[in-house]
Structures are given as C-alpha cells and as structure tokens.
Amino acid sequence: MTNEFGTENVLLGKEEKSVLIIDQTKLPNVTEYLELETLKQMYDAIFELKVRGAPAIGICAAYCYYCLAKAKEEKPMELFEKEMGEEKEYLNSSRPTAVNLSWALNRMERTLLANREKSVPEVVEILKQEAKKIQREDIEMCRKISEYGLSLLKDGDGILTHCNAGPLATSKYGTALGPLFLGKEKGMNFHVFADETRPLLQGARLTSYELHKGGIDVTLICDNMASIVMKNGWVQACLVGCDRIAENGDTANKIGTSGVAILAKHYGIPFYVLGPTSTIDLTCKTGDDIVIEQRSMEEIKSKFYKEPMALDEVKCYNPAFDVTDHNLISAIVTEYGICRAPYEVSLAEAKRKSALQIDGNVVQ
Ligand code: MRU
C-alpha cells in the first residue's frame, strides 16, 4: 500500500479521516497496517513504537494533528482551537527525546494559528496540505542527505549502523541507510553490519530486513560484536541517525550509539551522523540539555523472550537513548550539506538555510 508520494509507512486512511501506519513492532514477520482514529490510539502508537524513528514520528504526528482537526470540523473556532491545543500537548508527551515530534506538532499549530481568520473547514483543509508538505519535504530531505552521505563513501566499503534509520523511520531512502540505497541504485556495493540494537531490536527486526529487501549485503551482529568487526578491518565508516542534535553537535540517538562512536574513534574509523535540520534543536546548548526517555524494564527482561530472562525482583535501567559527544563525530550530514566542527557554526548555518527554505526563498 502506498500513498501519492509512493511511500508506505505513514498514509492517510479511509476518507482521509484516519492515519494508517505499518505496525513496526510486528516486522519482519508480519506486515500489518494499523488505523489510528482516536487520540489515545495515536498516543499509544507513538509511545509503543508502532511508528518510530524521529522523522516518521514527526510525519505521523502531523497527520494525526490533521485528523484530530478533521473530527472537530463542526465546532466553532474558539473551541476548535482550545481542543486542538490540549490534544497537541497530549500527543507531544508521548515520547520526549525525538525533537521531530514537537517540531511537527508546533509547525501544524503555527499553521492553524496563522489561518484562524478563516472558517474551521478551510483551516482543516490547510492542515491536511501542511501535513502532506511535511511528508513531501521529508522525501526530498532524505534524497539530499543520501547524496551528501554517499559522497563520503567508496564503492565496496564496509559500513556499521546502529538502530534503524531507513525508509521505515522516515519516508523514502532513510537518513543513515539512505546513502546505501542510493549507492545501490547507482550500481555501488556496500557490506553492512547491522547492530541488533538491544533491547528493542530495531537493527535485527527493521534494518537487516530493509537492507536485505533492498538487495544490500547485510550481516546482523549483536551490539557487543561491533568492536571485533572494526578490529578485523571490516568497517570503513559508521552511519547512524539522530533524535536530537544540540547546538554544539552533541547528538542523542538510540542507546548504544555513543559506544559505537567511542569504538570508531579507537579504531580510527569515521563516525557520521545523518539527519534533517529539523532534528537540530538550538534551544539545547549541549547534550546535557536533552531529556532522555526512560522505558519499562519489561523491554529488557521479557518482551522478546518466551520466558523472562531475569528475576522479577531484579532492577533494570532502560534509557532509550544516549548522547554522543560532538568530539567523537566526524561529520553531521544534513539536507543542506555536510556539517563539520566547529558545529556551533556549521549547524547554525544549516538551520539558517532551512529557515529560508520554509519562508519560501530559494536555497542552494
Ligand atoms: O526508539 P526509536 O526506534 O524511535 O529510535 C530511533 C533512532 O534512534 C533513530 O536512529 C533515529 O530516530 C533516526 S531515524 C531516521
């Protein structure tokens, strides 16, 4: 099932009143679409990672916002605005680290407020177009990131990636996996090591699945095998996505990413972060300002096992993300080019270009 853009993971449902997502928790064994109609279903889908990956969460949230607005089309503007404000806040609280969630919801809210002089049905239609625009921009963004990212690689390179930053986590191509799909289209070959990514196994369930389906040579490894494949000389670059980038380049991404970066530095392997400018949050000066999502111990102990793998009484610590220090990052690849240290300067420049683009000006 695809939409007008040819993408398949986040779509509008029946009569454009609901959001359809591929339930990513069921992959790779079952490809099943979930229809999100109510606010609670939308919140749960994001919280339970049925839709996940920072850009995909943003796209889904934008469509959810539109559908919630559509359900209130008959209401007077004042009430419409008030209820939309409350529902937006609730949706925004579903996951704290991926900034694309609040970025997309804020953008939808700004669109509503900028058009409040119009009738509610007119505003609802404008919101639909805005959500589609966010998705369309995401496709273009992934393409640009893929091109810039590919320029950093050589045919035949071994690549290590952590978590999943492919088409399922975005719209098309993906961010960290984008250069690999684009390279494949151009006849290049890479050998990819996909970290399984404990505890939720995004690398095993999603990355190895997407790469294999795309005809890319992939080997699945446990997270604790990254060092040996690097030591063996099998990895020429690490490519990862991102959930929030601070002004100084410190980057939050899936738990375990910072360990990969430390290993890469040890073995002299370039470590690249790939993500859209919407993931750069200049209100966070450093990684210390990034809120890290904490999740349940059930994810570590039992979620993917037939029986619990630890005693009930044993405590768990389950942060969903960690922050990679900017000193460990060789470059941050955005849709506006490759940012290098000092990141305060290069990221601010990328953000400036994206702001110009949103205001409708031409940006190279
Ligand atoms: O908890 P998840 O699966 O949403 O975490 C996803 C990641 O950490 C990705 O690397 C990141 O969102 C970038 S996706 C293009």
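The values are calculated or read from the model by the stated rules, or taken from the named source; none is laboratory data. Remember, it's a predicted structure, so these values are computed and weren't measured experimentally. Here the Cβ is made from the backbone with ideal geometry for all residues, glycine too, and neighbour counts use every protein chain on show. Heavy atoms of the whole protein, side chains included, go into the accessibility calculation; ligands, DNA and RNA do not. Shrake-Rupley method; radii C 1.70, N 1.55, O 1.52, S 1.80 Å.
So which residues in the range 190-200 are under 22 Å from Lys154 (Cα atoms) and open to solvent by 20 Å² or more (accessible area, probe 1.4 Å), if there are any at all?
Once the filter is applied, which keeps residues that are under 22 Å from Lys154 (Cα atoms) and open to solvent by 20 Å² or more (accessible area, probe 1.4 Å), the range 190-200 yields only His191.
Considering only the range 177-187, I want to know if a residue exists there that is closer than 15 Å to Arg52 by Cα and basic (Lys, Arg).
There is no residue in the range 177-187 that is closer than 15 Å to Arg52 by Cα and basic (Lys, Arg).
Scanning the range 58-103 for residues that are within 16 Å of the ligand (Cβ to nearest atom) and of a type in the set (Ser, Thr, Tyr), which turns out most open to solvent (accessible area, probe 1.4 Å)?
Ser93
Asn164 is checked against (1) within 20 Å of Trp103 (Cα to Cα); (2) in contact (Cβ under 8 Å) with a residue 24 or more places away in the chain; (3) of a type in the set (S, T, N, Q) and fails just one. What number does that condition carry?
Only one criterion is unmet by Asn164, namely (1).
Take the residues in the range 35-54 that are within 16 Å of the ligand (Cβ to nearest atom) and not in a loop (DSSP other than H, G, I, E, B), then tell me which one is modelled with the lowest pLDDT. Before the answer, list the steps.
Within the range 35-54, the subset within 16 Å of the ligand (Cβ to nearest atom) is 42-54.
Narrowing the set further to residues that are not in a loop (DSSP other than H, G, I, E, B) leaves 42-47, 54.
Numbers: Met42: 98, Tyr43: 98, Asp44: 98, Ala45: 98, Ile46: 98, Phe47: 98, Ala54: 94.
Across the range 35-54, the extreme among qualifying residues is Ala54.
Quick one: which strands (runs of 3 or more DSSP E) sit completely within the range 279-364 and have at least 1 residues that are touching a residue at least 40 places away in the same chain (Cβ under 8 Å) and open to solvent by 40 Å² or more (accessible area, probe 1.4 Å)? Break it down stepwise before answering.
Working: elements: 321-324, 331-334, 337-339.
Of the strands (runs of 3 or more DSSP E) lying wholly inside the range 279-364, those with at least 1 residues that are touching a residue at least 40 places away in the same chain (Cβ under 8 Å) and open to solvent by 40 Å² or more (accessible area, probe 1.4 Å) span 321-324, 337-339.
Report whether or not Leu206 is within 12 Å of the ligand (Cβ to nearest atom) and buried (at least 24 other Cβ atoms within 10 Å of the Cβ).
Considered against the rule, which asks whether it is within 12 Å of the ligand (Cβ to nearest atom) and buried (at least 24 other Cβ atoms within 10 Å of the Cβ), Leu206 comes out as yes.
So, in the range 251-285, how many residues would count as being away from the ligand (no atom under 16 Å from the Cβ) and basic (Lys, Arg)?
Count: 2.
Within the range 301-311, is there a residue that is modelled with pLDDT of 95 or more and under 30 Å from Gly158 (Cβ atoms)?
Checked against the condition, which is being modelled with pLDDT of 95 or more and under 30 Å from Gly158 (Cβ atoms), the range 301-311 yields no hits at all.
Might you check whether a residue that is within 21 Å of Lys132 (Cβ to Cβ), more than 16 Å from the ligand (Cβ to nearest atom) and polar (S, T, N, Q) occurs anywhere in the range 104-112?
Yes - at least one qualifying residue is present in the range 104-112.
State whether one or more residues within the range 292-306 are of a type in the set (Ser, Thr, Tyr), under 30 Å from Ala348 (Cβ atoms) and out of contact with any Lys or Arg (no Cβ under 6 Å at 6 or more places or on another chain).
Step one: list which residues in the range 292-306 are of a type in the set (Ser, Thr, Tyr), which gives 296, 302, 305.
Next, only the ones that are under 30 Å from Ala348 (Cβ atoms) stay: none.
Within the range 292-306 (the criterion being of a type in the set (Ser, Thr, Tyr), under 30 Å from Ala348 (Cβ atoms) and out of contact with any Lys or Arg (no Cβ under 6 Å at 6 or more places or on another chain)), the answer is no, since none of the residues qualifies.
Pick out the one residue from Ala348, Ala355, Ala341, Ala320 that is of a type in the set (A, V, I, L, M, F, W, C) and either touching an Asp or Glu at 6+ places or on another chain (Cβ under 7 Å) or at positive phi (or both).
Values: Ala348 fails: either touching an Asp or Glu at 6+ places or on another chain (Cβ under 7 Å) or at positive phi (or both); Ala355 fails: either touching an Asp or Glu at 6+ places or on another chain (Cβ under 7 Å) or at positive phi (or both); Ala341 fails: either touching an Asp or Glu at 6+ places or on another chain (Cβ under 7 Å) or at positive phi (or both).
That would be Ala320, the only listed residue that is of a type in the set (A, V, I, L, M, F, W, C) and either touching an Asp or Glu at 6+ places or on another chain (Cβ under 7 Å) or at positive phi (or both).
Inspect all residues belonging to the range 9-26 and state whether any of them is more than 17 Å from the chain's Cα centre (by Cα) and within 16 Å of the ligand (Cβ to nearest atom).
Applying the first criterion (more than 17 Å from the chain's Cα centre (by Cα)) to the range 9-26 yields 12-20, 26.
Restricting the remaining residues to those that are within 16 Å of the ligand (Cβ to nearest atom) gives 26.
There is at least one residue in the range 9-26 that is more than 17 Å from the chain's Cα centre (by Cα) and within 16 Å of the ligand (Cβ to nearest atom).
Residues checked against (1) open to solvent by less than 40 Å² (accessible area, probe 1.4 Å); (2) free of Cβ contacts under 8 Å to residues at least 12 places away in the same chain; (3) among the β-branched types (Val, Ile, Thr):
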| position | (1), (2), (3) |
| --- | --- |
| Met1 | no, no, no |
| Leu12 | yes, no, no |
| Glu15 | no, yes, no |
| Ser18 | yes, no, no |
| Leu27 | yes, no, no |
| Tyr33 | no, no, no |
| Gln41 | no, yes, no |
| Ile46 | yes, no, yes |
| Lys50 | no, no, no |
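One line per residue, one yes/no per condition, for (1) surrounded by fewer than 21 Cβ atoms within 10 Å (Cβ to Cβ); (2) within 9 Å of the ligand (Cβ to nearest atom); (3) under 20 Å from Met141 (Cα atoms):
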{"site": "Gly166", "(1), (2), (3)": "no, yes, yes"}
{"site": "Ala176", "(1), (2), (3)": "no, yes, yes"}
{"site": "Met188", "(1), (2), (3)": "yes, no, no"}
{"site": "Gln202", "(1), (2), (3)": "no, yes, no"}
{"site": "Cys222", "(1), (2), (3)": "yes, no, no"}
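I'd like to know if the range 133-144 contains one or more residues that are within 24 Å of Gln41 (Cα to Cα), of a type in the set (Lys, Arg), open to solvent by less than 30 Å² (accessible area, probe 1.4 Å) and at pLDDT 95 or above.
Looking for residues that are within 24 Å of Gln41 (Cα to Cα), of a type in the set (Lys, Arg), open to solvent by less than 30 Å² (accessible area, probe 1.4 Å) and at pLDDT 95 or above, one finds none in the range 133-144, hence no.
Looking only at the range 55-93, count how many residues are free of Cβ contacts under 8 Å to residues at least 60 places away in the same chain and assigned to a helix (DSSP H, G or I). Even if it seems obvious, please write down each step before you answer.
In the first step, residues of the range 55-93 are kept if they are free of Cβ contacts under 8 Å to residues at least 60 places away in the same chain; the result is 57, 60-61, 64, 67-93.
When the remaining residues are screened for being assigned to a helix (DSSP H, G or I), the result is 57, 60-61, 64, 67-70, 77-92.
Residues flagged as free of Cβ contacts under 8 Å to residues at least 60 places away in the same chain and assigned to a helix (DSSP H, G or I) within the range 55-93 amount to 24.
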